[in-house]
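The values are calculated or read from the model by the stated rules, or taken from the named source; none is laboratory data. As the structure is a computational prediction, the values presented were derived from the model and not from experiment. With ideal geometry, Cβ positions are generated from the backbone for all residues, glycine too; neighbour counts draw on all protein chains shown.
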């Protein structure tokens, strides 16, 4: 053991992906034996920073000091060798193999190099191995020491999520790490499993390990972390002792207080409901239930904002309301027409437009031309009707050029030659929004429409949404940007773990309160009320 | 010394590579093929001259090229259309067999005037082969069954079933595993309207080369269906969100493919052999995969690729006769072209850098790398 207080010191870490800055000049110092929380919204740069530390990315700039030595890790192997382990959000286990096999997989410093040989051969060879523990004994003793109860001979696919996570932790411990990074360990766990996970973490720290704990849930920080570092937009905001801050202050640090882009919002009298959805229950692609009985109603000329930390069911909600994801339960009607279990085509015909969260994966076909992508909602409605019922590509081209012009989409040299994937994120988003809004929809569902878009484009996009509202379109806006929600919405719903926990109006709430609901699912506690007053 | 080979995905494909790849492929294949030719004490130059120039310098040679290109082209389109929708039809061979079987059955059993009979053979042969082809499309769309495997397996089912038919219900007299010869009225004539006979081995079915290329071109670039196929092929997720049914497109594109491959079977039986026997297709349905890959940029390219493979096969026969070399040599050339083609496709997408003597690393056991 090296006797210093600081186990890890990051100095001026910067990471750029082309022109996107994911981390900018981040300093981070972690004390030996502490649980250090890393807090921030999605996209704040937490995972990038930890992937740099774990050798998955190399930093554009900055230095890493670990155990008093300057280090640069070119692979996770290097990082593990130095004593840094990481448990990813998505498990890296091989389901067909047993727990023991998974734990020792890839390990080469084993008794006579035969650790991965199981069964008779393994135990025979193990007997001649100069008294060292066999992998099995070692795994069992580690499991016991840290209270990580799991059957070493069980196949991984038989285990539940919580157990798999313990296997991941065992895998790291088996490699004698000093520092363990947990990337949102509770994101996939049930509350009970989370509680077990916390106990494990406490035990790890008691045994002398240091833990970095990534999360965006405030109460987890409060419960678990000794100190917390808050990141926002790729920058470090501060590192503080957890005891000295309230959840409110943390929320403030996490969400920030930027200058609002004020929008002139004309009053619009909401009309009849365009969307009525009740009891929406659905599972995500990993078959975890992420929506449990959600009701939403959107009226004509009304913008309903949905606030929430990413991963609380927004994606599934948006996809359900568009017919793209199967409902487990519930019903959806648009302007009185029952569309439960209908395919997206029926929704489009009913006048529903959709802006997906992931514009490259779901919003466009990146290898096809701008023309193809701008006309995909119109090719079948007769707009490009040519002779003998054929598609008139010239009309399509003209329309596409008009769209590019109208929505100020830059970087298009020729609508038939430029591929959608060559556009920047913001311009692609304008293309998608333009395409969707030209449908003159009755209902517009927009999931994170301004994420990753530059300020100018953000303003444009918000204006467009307000224009739609003026025209009597109902808008369901799912966003993590609270300024945006407060700015354009008529009504705000807060989603937390697949349920709406709060409904309010922009003039009756503020970012701080929304932030609290988003990250705790509960109303702000008494003690924090004072802080609000102080802030205001 | 450590040699490490790194593959990195290319961000963009340089245009010289995109356009030049097919040509480099062919040239490289021919260069490598020179080795067995030299082994046989032949001048590669002479052989290639005979193969390409010789074949194309008389009517018989050109007729052979066109006759052989026809099934290759139709089956090539059978691979090409589903490929545009992002799925692989490896079962064109089986669809050819189904088309051929239906064709022979109708030709032998239905009494109709010649034109009506031939039309019926084509429509029915194509249709049944289309349905047969649609099975993997349906399984893929509905149950996510890998279409590569199911279409290939259905090929074996089709060829084996044909084997049964030729030894049972459809066996002709004389004890061979073949049907009776088709009546004359069921055979595609060699008399072209207006032009007359060009060559006794060239049947009127070759006009399908022109018809199929035009129909496919219009389908892919002028119709809604073609637009949908293109979109599904480019990004199924986005296409579904735009209201396009993957289910429908997978089935339809496989049906179209099967239809065209079925037509190829009809053309072979009715136009070339005049009866159905077991090995009438020298693997056209498999060569078709290479044809479709070479021509993946459009139906005209597919046609060019089919003509090229037709030329190889037709010329190969001439070469093996006039130079006394085994005809297997032609198969070697074809195989090499396919092999080089696959390599070229790979190189188009990845950049390879070979690095000698990288910093020596401790021996690693497989699996050490953390999956990322």
Only one of A:349, A:341, A:367 that is surrounded by fewer than 17 Cβ atoms within 10 Å (Cβ to Cβ), more than 10 Å from chain B (Cβ to nearest Cβ) and more than 15 Å from residue A:446 (Cα to Cα): A:341
Does any residue of the range A:328-338 turn out to be in a loop (DSSP other than H, G, I, E, B) and within 12 Å of chain B (Cβ to nearest Cβ)? no
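Return the total of residues in the range B:199-217 being part of a loop (DSSP other than H, G, I, E, B) and crowded, with 18+ Cβ neighbours inside 10 Å. Steps first, answer last, please.
Within the range B:199-217, the subset part of a loop (DSSP other than H, G, I, E, B) is B:199-203.
After this cut, where a residue has to be crowded, with 18+ Cβ neighbours inside 10 Å as well, the list is B:202-203.
Going through the range B:199-217 one residue at a time, the tally reaches 2.
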Among the residues that make up the range A:427-440, is at least one of them surrounded by fewer than 20 Cβ atoms within 10 Å (Cβ to Cβ) and in contact with a strand residue (DSSP E or B) (Cβ under 6 Å, 6 or more places away or on another chain)? yes
So residue B:176 clears everything in (1) in contact (Cβ under 8 Å) with a residue 60 or more places away in the chain; (2) in contact with a helix residue (DSSP H, G or I) (Cβ under 7 Å, 6 or more places away or on another chain) except one condition, right? Which one? (2)
How about the range B:149-198: which of its residues are closer than 25 Å to residue B:119 by Cβ and not in a loop (DSSP other than H, G, I, E, B)? B:158, B:162, B:165, B:178, B:184, B:185, B:186, B:191, B:192, B:196, B:197
Among what's in the range A:75-89 and is within 10 Å of chain B (Cβ to nearest Cβ) and assigned to a loop (DSSP other than H, G, I, E, B), pick the residue that is surrounded by the most Cβ atoms within 10 Å (Cβ to Cβ). A:88
For the range A:59-74, what are the residues that are over 16 Å from residue A:177 (Cα atoms) and either within 14 Å of chain B (Cβ to nearest Cβ) or assigned to a loop (DSSP other than H, G, I, E, B) (or both)? A:59, A:60, A:72, A:74
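Looking at B:246, B:222, can you tell me which residue is within 12 Å of chain A (Cβ to nearest Cβ) and under 22 Å from residue A:386 (Cβ atoms)?
Criteria check complete, one pass: B:222.
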Kindly list, by first and then second residue, each pair from a residue in the range A:47-68 that is in contact (Cβ under 8 Å) with a residue 60 or more places away in the chain to a residue that is in a helix (DSSP H, G or I), limited to pairs with Cβ atoms under 8 Å and residues at least 6 apart or on different chains. A:53/A:79; A:54/A:76; A:54/A:79; A:66/A:82; A:67/A:82
If a residue has to be out of contact with any helix residue (DSSP H, G or I) (no Cβ under 6 Å at 6 or more places or on another chain), more than 23 Å from residue A:486 (Cα to Cα) and in contact (Cβ under 8 Å) with a residue 40 or more places away in the chain to count, how many in the range A:287-321 make the cut? 5
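Is it the case that residue A:145 is without any contact (Cβ under 8 Å) to a residue 12 or more places away in the chain, surrounded by fewer than 19 Cβ atoms within 10 Å (Cβ to Cβ) and in a helix (DSSP H, G or I)?
Numbers: without any contact (Cβ under 8 Å) to a residue 12 or more places away in the chain: no; surrounded by fewer than 19 Cβ atoms within 10 Å (Cβ to Cβ): yes; in a helix (DSSP H, G or I): yes.
Against the criterion (without any contact (Cβ under 8 Å) to a residue 12 or more places away in the chain, surrounded by fewer than 19 Cβ atoms within 10 Å (Cβ to Cβ) and in a helix (DSSP H, G or I)), residue A:145 does not qualify.
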Only one of (1) buried (at least 19 other Cβ atoms within 10 Å of the Cβ); (2) assigned to a loop (DSSP other than H, G, I, E, B); (3) within 8 Å of another protein chain (Cβ to nearest Cβ) does not apply to residue A:415, and that is (3)
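Of all the residues that make up the range A:352-364, how many are more than 7 Å from every other protein chain (Cβ to nearest Cβ), in contact with a strand residue (DSSP E or B) (Cβ under 7 Å, 6 or more places away or on another chain) and outside any loop (DSSP other than H, G, I, E, B)? Steps first, answer last, please.
We begin by selecting, within the range A:352-364, every residue more than 7 Å from every other protein chain (Cβ to nearest Cβ); these are A:352-353, A:355, A:357-360.
Next, from what is left, pick out any that are in contact with a strand residue (DSSP E or B) (Cβ under 7 Å, 6 or more places away or on another chain): A:352-353, A:355, A:357.
Filter once more, keeping what is outside any loop (DSSP other than H, G, I, E, B): A:352-353, A:355.
Number of matching residues: 3.
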Restricting attention to the range A:173-187, which residues are modelled with pLDDT of 85 or more and under 11 Å from residue A:88 (Cβ atoms)? A:181, A:182, A:183
Just one of A:390, A:423, A:403 is surrounded by 15 or more Cβ atoms within 10 Å (Cβ to Cβ), closer than 23 Å to residue B:228 by Cβ and facing another protein chain (nearest Cβ under 10 Å); which is it? A:390
